Each structure stands twice: as C-alpha cells, then as structure tokens.
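Undergrad: Quick one: the structure is below, and I'll ask about it shortly.
The values are calculated or read from the model by the stated rules, or taken from the named source; none is laboratory data. Since we're looking at a predicted model, the values are computed, not measured. Reconstructed Cβ throughout: ideal geometry from the backbone, glycine too, with neighbour counts over all protein chains shown.
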Amino acid sequence: MPSADRQPVAAIRTLAIASRDISRSRLAELAFDGVPPALVVGFVSPHLDFPDVAAAIRGILDPDQRLVLMSTAGELCSGHPGGLYGPSEGAWDNIVLESFSRELLRNVSVHVVPLHSEDIRSGAITLSDEQRVDAIAQDLATVRPPFPLDCRDTLALAFIDGLSASESCFMEAVYATGSFPILFVGGSAGGTFDFRHTWIFDGQQVRENHAVIAFIKLAPGKRYGVFKTQNFEKTGVSFTVLDGDPVRRRATRVINPDSFEVVGFVDALCTALECRPKDLGDKLRSYTFAIDLDGELFVRSVSGIDPKDGAVSFFCDVHPGDELFLVKATDFVGQTEADFAAFLKGKPKPIGGILNDCILRRINNTPYLPDLTGFGGIPLAGFSTFGELLGIHINQTLTALFFFDADMPGGFHDEYTNRFPVHYARYQSSFSKARHNRLGMLNRIRQRLIQTLMTQADATATLSGAVAQITTCAERGAADGMGVLTTTVIDLLAAVQRITTERESVAEALGTREEELRIAEARRVAAERRMEHEAQRQHERKLESLGCLAGGLAHEINNMLQPIIGLTELAMDDLPEGSTAHRNLACVITAAQRAQRLTKQVLTFSRADWRTPHTLPLAAAVRNAADMVNIIGGRRVSIDWHVRVDDVLVHADETGVVQVLINLVSNAIDAIADTQGLVEIALDKVWLAEGAAGGPEYAEGWYAMLSVRDTGCGMDAQTLERAFDPFFTTKPVGQGTGLGLAMVHGLVADWGGHVSAESTVGQGTTVRILLPAV
C-alpha cells in the first residue's frame, strides 16, 4: 500500500514558453511517454495576439486533442525562476501550458455556453438579472456530457469571459437547471487593465461573452481535493448599500441603519479610514470588502473609485441592502502556507494542480510573492483571474484543484469532496439567502425609520402646542417683550415645518424603494412559477407517453392471455379432475391470472393521475402490492407480510404506496447481500400523543404504521444520519443513484406523514412510516 511520502507517478506536466518558442518539439514535452494527453489547459499573456497563439497551438496538437486556453492578468507555473508567480508588469511574453494524462483523466467533454452579456459590454443594459439567468439556463439545459456526473470522480472546470460581468448569473443558472450535481471551479479570463478584451479558446473557436466548461471524469483510483485560502479578517466596520447597481456592479450611496444618515460611499469610506478621497485607493490596498453568509466571508473586491459621483465599483455584483463588511489583509505568505499545510494533512503528495488566483491578490502582495514556497515540488499551473469560481463567484481568494492517487490506507478524505452535498446545498441557496438578507436589512431599516417618524410626529405635536401657548403669551405680554416672543414663535414654526417636510420626503423615498423591491420580488416569484409550470408540463407529457406505452403493452399481453386462459379451461373440461394434467393446467391458469394482475398494476403505475392523493384503504393497497414486491425477493430472501388492520384509511395514492414498498424492499434485499435473509412488512394502527412522532406538528390521534424490517448488514450512526439525503448512497459507482430513500421521504411528506429509520450494524434495519388516519 502506498504511503503519504510516496512520489506519485507523473500524470501532469507543465510548460512555460514564449510565443516564439511554440513548436512541435516543445509541445511534445506535454505528452506522457509519447502518448498524447487527455486535456491541455493553457494560460496566455494578454499582451500577445491571442487568436494567433491559439491557432498556432491548435495547429500542432492532434486534431482530437482537448484544448482550452484563456487570456490572463498574469500566469502561475511551478519552476518559474522567480517563483510560482510569473511576471505581470509591463508587457510580457509568456504562455503556460498544463497537460493531464489519460491515466489521470478517463474522459473529458468540452462545452460552450453563451452568457447573453452583449448588452453589458455595450453599456446599454436591456436584460435584468432574472432574464439573464433564465436565458443562460435554457442554453445549459442543452449541455449533456457523455458520461454520468458523480461528484466523487467528476467535476467541471469553468472559465468565463472576464468582462461579461455575468459570473453570478451563470452560477445561479447552473443551479436553476438542477442537472449538474458536481463542483464547478475555475475563474474569469483576465486581460490588460484597459478592460477591452478577455479571451477564451474552446479548442475550435476564440470566444467572448461565453463560458467554456470542461467536464472531466477521473480515472479509477484517482481523486481530487479542493484548496481555498484568503487572508482577510473583519474590522468591525460595515456599510449598508442604499443605491446599488448589480449589473454595473456599482454602489453609490450607503445608509447608517441607526441614524438613517445617507452619504456617498466614497465619503463614508474616507470618514472610516480617515483619509482624503485622492488617497483612498492607496489606503484600500490593505483593505477590501466582504459579505457574510452563514459565518463565511465572500470577498467583494474594489475595481474602481469615482470621487466625483461618490461611487465605488466592484468585481462582483452588489445590491441595495447588502451589508459590506470592511475586512483587513493579514499575513499573505503565512496564511496561505498554513491553510495549505492543513489541506494536505492526512493526504498523499499531490500529483499536481490548477491554481485560480485573483489579480488583486497578486498586485496587493507583490513584495511577498517570491517568499511563497509551500507549493514546491508539485507540478502546478494557473492564472491571475478577474474573478474566481468555487461553487459561486468570489474575489481575492485562491481556489485550487489538486489531484491525488487515492490508493492509501484508510481511504482518501477531503472536506469538499466528502461533504459535497452540503456544499452544493449552500452554493445553491446562497443566491436566495443573499436576497433574503438584503430584504431583511431593508425591512429592519424601514421598521426603525417608522418608529423614528412616529417619535418625530409626537415631537411635532409638542412643538405645535408650544407655539399656541407662546402665541397666547405674546398677545398678553407687554410691548417690550414682543420681539423676543415673536422670534421664538418663528423658530418653532420653522422647526415644525422642517420636521414635517423631512418626514414626507423620507416617506416618499421609502415608498418608492419599497415599491421597487415589491416589483423585483414579484418578478422573481413569477420566474420561479414559470419554471415550476414548465417542469410540471414536461412531467405530464412524460407520464402521458408512459401511459400510452403501458396501455398498448397491457392490451397486447391481455390479448395473448385471454386465449391461453380460455383454451386451457376448455382443455381442463376434457380431463378428469385430480389428474396430473388437470392440476398442471390449473397452475397455468393461476400463472396467467397473476400476469393479468401484474399488467393491471403496471398500467395503473403509468397513468397520468397516479400521484393524485385520495382517501385510500391502506391495507388493500399493501395487499395489492404483494405480487409485484414478492418478485423482487427471489428465492434467497423470504418476504413476510403482516397486515394486522383492515379498516385504516389514509390520504395517499396506491401507486405511490407500491413505489415506496418497492424502494424499501429493494434496499433491504441489497443490505442482506448474498446471504439468506428475511424481510418483514407490517401494517398496524397506533395512537400517538401530541409530538410523539418526532415533532409538535404531528397532532394527537390515530396513525397507520407501515414498517419494513430486514436482517441485513445494518448501518452505522453516520450512514443512518444521511440515509434520506439526495444523492447519498453506499453502493458502488454505477449501482445506485442515491434517490430511492429521498423519493420515499418526499412521497411520505406529500401525504402529511413521517418516515424514520432505526439500524444497528450486523442486526438489520427497520424503516417506519406513520400516516395520519383519515
């Protein structure tokens, strides 16, 4: 067995050359013992003619060779004379290529997706974020890699036009499709700081306003790990964005949630950092901004400052209501190397890796780059990006993929790969969580503002009373005192008028902002409903097709069974009862009648209304499922049925009950494996006190209890905790989807019920379903 100190077999090669050195002999260095690589990824200086470089490399490599190139804001490559980071000042001539062997990558599939960002580049915005996400999602729906997507051995390298400003829309569209349950990692193509062009080459064509995705499936015995590091910590200062443009990525004004003071963002920053506007850029070299989601910082880097408009531009989208935390840089080298050492703990030496590092990390830490030596001896290549991808769009964060030989004692463990469903759920929900955080922040400001206005309204009434009293005193007073009293009255009246005007202005602005939020939320809800309706229509069309097919098959089978049954009965009439031939023919009729019942069940299962819950006699439904379920058991597994009640009614559908039993019994049989075993299916009726089923939402009353018990291998506590998670399975790759128990949970929840599992290693498993009795 290999150890953590074993040198891995060379499966990744890197090559750094100048454009004049592009030749067949130099590119041959990317091969592995003369065998062409499975994939070549390249990073090209923005000062070179990108189309010419792409054409030259493409012309030398094999025509079937998978090739992806992107322009950079600086290249990274192990073996550089000056360290990992190549030159990025002036105009440099550098191309970094990284090749991956066929022993590492079993399959690669490259796809191109339009980002519909031409309007952003032109400056005349025509699409909202919701419309852009919908358009990208429609294009993503046509992407179908030619191999199964398994998060344990499959991932997506995603490279995006760095000037499209559409990274967040792209990732939101990825999750909206629900078709890619794997990690997306990569970055935005870089370029020169005139921000005119960034380029991506998909192996056939140079692209702008597009994303290029390389789906890669690792070879057996290979694994990947995800490394992420950033060197920032909160300062205790934050700013709540009042005016933000998520498309142009600008924040103009911020609001103090306590005092309701509205100021330009630049002025607020100058006050917080105690500097003048002209010095703000230098001051921010040690600072940046981040939003906080579930306790994790997601950096939002500054791309420009406009003191005239008081606006700050970002490399990520910002929205009204975002709370931007001011964060301060920490030790760049120390933090990076400490995080990398923690990442490698318990892992073998990496085969190699791809690095995606933000250009601002490079610029703000230029003096320290040569001191970064913790990656020594590992084949690495990468680029300084205009934005990084790790499930979502982030800035000023190094995101990296490292590849490993996984043949090691105790198995291979990595935080991202081992707990990917958790990370996937966080990434998927991050967009809605950010939206809810923004709405919550604006709502809290609104509530405090209303309370303040009510307080000011009381002050207005007090001032009005004081005005009346002073006026009366003035009328009664002596002529000598009138001057002082008149001045006081005028001052109080002006105060009342000022407060009233301010209240009306704030109320009008608040109403306008609230109406904008209401319209935006209505659009989002409408888009979600359209997607739900479209999915429902597709599902109905699929079920209708299945129904037609099942109906046709049922009629054909019945047409064959009827003469079999009829002719067999006629033949039995000619034979004496009790004879061997008579008994054999009776068995034929019994088998044919059983086939008729099975055909009827299949037809029922395929009807378009099979999932419509209704009042159902559960005992009859369980008995009707027996024929189909018993077939699954075979000869080595005994299936015992114990239907102890006949009068219990539940709100469910018969076909769903059949599907639940098939999934539970199939799992039970798999757990029994190759030994003789028992599966026991029981139906009973129980009385539960309030909350006894696991939560206060289960009211006191009678429940139908359907249980499936097996004598299989059982599950440990960690496996049992995740048994109902989508995509979680203990079966080998290709032998299970991890959706069976998740579907059982979904059906039972639709019926208002509760499902639970008890298991002990070596003693079997019991799954109990509780459904409220009607």
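Undergrad: Please go through (1) of a type in the set (A, V, I, L, M); (2) part of a strand (DSSP E or B); (3) touching a Leu at 6+ places or on another chain (Cβ under 7 Å) for ALA272 and return the number of the only condition it doesn't satisfy.
TA: (2)
Undergrad: Let me spell it out: the conditions are (1) surrounded by 24 or more Cβ atoms within 10 Å (Cβ to Cβ); (2) over 30 Å from ALA381 (Cβ atoms), and VAL174 meets all of them except one. Which number is the exception?
TA: (2)
Undergrad: Has segment 552-562 got any residue that is surrounded by 15 or more Cβ atoms within 10 Å (Cβ to Cβ) and modelled with pLDDT under 65?
TA: Within segment 552-562, none of the residues are surrounded by 15 or more Cβ atoms within 10 Å (Cβ to Cβ) and modelled with pLDDT under 65.
Undergrad: Checking LYS347 against (1) modelled with pLDDT of 85 or more; (2) buried (at least 24 other Cβ atoms within 10 Å of the Cβ); (3) not aliphatic (A, V, I, L, M), which test does it fail?
TA: (2)
Undergrad: Enumerate the strands (runs of 3 or more DSSP E) found wholly within segment 68-186, keeping only those where 3 or more residues are more than 25 Å from PRO350 (Cβ to Cβ).
TA: 105-114
Undergrad: Exactly one condition in (1) closer than 28 Å to ALA38 by Cβ; (2) touching a residue at least 40 places away in the same chain (Cβ under 8 Å); (3) buried (at least 20 other Cβ atoms within 10 Å of the Cβ) is false for GLY244; which is it?
TA: Of everything listed in (1) closer than 28 Å to ALA38 by Cβ; (2) touching a residue at least 40 places away in the same chain (Cβ under 8 Å); (3) buried (at least 20 other Cβ atoms within 10 Å of the Cβ), GLY244 misses just condition (1).
Undergrad: Under 6 Å between Cβ atoms, at least 6 apart or on separate chains: pull out the pairs that start in segment 107-119 with a residue that is assigned by TED's automatic domain parsing to the domain that holds SER166 and end on any residue that is crowded, with 18+ Cβ neighbours inside 10 Å and among the β-branched types (Val, Ile, Thr).
TA: Close Cβ pairs satisfying both conditions: VAL108/ILE216; HIS111/ILE213; VAL112/VAL212.
Undergrad: Given ILE213, ILE305, ILE255, which one is in contact with a His (Cβ under 6 Å, 6 or more places away or on another chain), among the aliphatic types (A, V, I, L, M) and on the phi < 0 side of the Ramachandran plot?
TA: ILE213
Undergrad: Could I ask something else about it? Out of segment 295-337, which residues are among the hydroxyl-bearing types (Ser, Thr, Tyr), in contact (Cβ under 8 Å) with a residue 60 or more places away in the chain and either within 22 Å of GLY187 (Cβ to Cβ) or crowded, with 22+ Cβ neighbours inside 10 Å (or both)?
TA: Listed by number, the residues that qualify are SER301, SER313, THR336.
Undergrad: Answer yes or no: is there a residue in segment 272-285 that is in contact with a Ser or Thr (Cβ under 7 Å, 6 or more places away or on another chain) and either surrounded by fewer than 16 Cβ atoms within 10 Å (Cβ to Cβ) or more than 30 Å from ASP331 (Cα to Cα) (or both).
TA: The answer is no, given that none of the residues of segment 272-285 is in contact with a Ser or Thr (Cβ under 7 Å, 6 or more places away or on another chain) and either surrounded by fewer than 16 Cβ atoms within 10 Å (Cβ to Cβ) or more than 30 Å from ASP331 (Cα to Cα) (or both).
Undergrad: Another question about this same structure. Output the helices (runs of 4 or more DSSP H) that fall wholly within segment 570-680 and possess 3 or more residues being over 30 Å from GLY762 (Cα atoms) and at pLDDT below 80, or say none.
TA: 580-605
Undergrad: Take segment 193-208 and flag every residue that is crowded, with 19+ Cβ neighbours inside 10 Å and of a type outside the set (Phe, Trp, Tyr).
TA: THR198, ILE200, ASP202, GLY203, ARG207
Undergrad: On to the next question. Scan segment 511-529 for residues that are more than 19 Å from ASP245 (Cβ to Cβ) and touching a residue at least 60 places away in the same chain (Cβ under 8 Å) and jot them down.
TA: Answer for segment 511-529, where residues must be more than 19 Å from ASP245 (Cβ to Cβ) and touching a residue at least 60 places away in the same chain (Cβ under 8 Å): just ALA527.
Undergrad: Here's another thing I want to ask about it. Of everything in segment 198-208, what is touching a Phe, Trp or Tyr at 6+ places or on another chain (Cβ under 8 Å) and not charged (D, E, K, R)? Give them in sequence order.
TA: Result: THR198, TRP199, ILE200, PHE201, VAL206.
Undergrad: Consider ALA251 carefully, then state whether it is over 30 Å from SER101 (Cβ atoms), in contact (Cβ under 8 Å) with a residue 24 or more places away in the chain and buried (at least 21 other Cβ atoms within 10 Å of the Cβ).
TA: yes
Conditions tested, residue by residue: (1) touching an Asp or Glu at 6+ places or on another chain (Cβ under 8 Å); (2) at positive phi; (3) at pLDDT 95 or above.
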| position | (1), (2), (3) |
| --- | --- |
| PHE100 | no, no, yes |
| GLU103 | no, no, no |
| SER109 | no, no, yes |
| VAL112 | yes, no, yes |
| LEU115 | yes, no, no |
| GLU118 | no, no, no |
| GLY123 | no, yes, no |
| LEU127 | yes, no, no |
| ARG132 | no, no, no |
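Undergrad: Moving on. It is to be established whether one or more residues within segment 412-432 are part of a strand (DSSP E or B), touching a strand residue (DSSP E or B) at 6+ places or on another chain (Cβ under 6 Å) and of a type in the set (D, E, K, R).
TA: no
Undergrad: Go through the residues of segment 400-407 one by one and say whether even a single one is buried (at least 19 other Cβ atoms within 10 Å of the Cβ), in contact with a Lys or Arg (Cβ under 7 Å, 6 or more places away or on another chain) and aromatic (Phe, Trp, Tyr).
TA: yes
Undergrad: Can you name the residue in segment 350-379 that is over 30 Å from ASN256 (Cα atoms) and of a type in the set (A, V, I, L, M) and is also surrounded by the fewest Cβ atoms within 10 Å (Cβ to Cβ) among such residues?
TA: Once the filter is applied, the top-ranked residue is ILE363.
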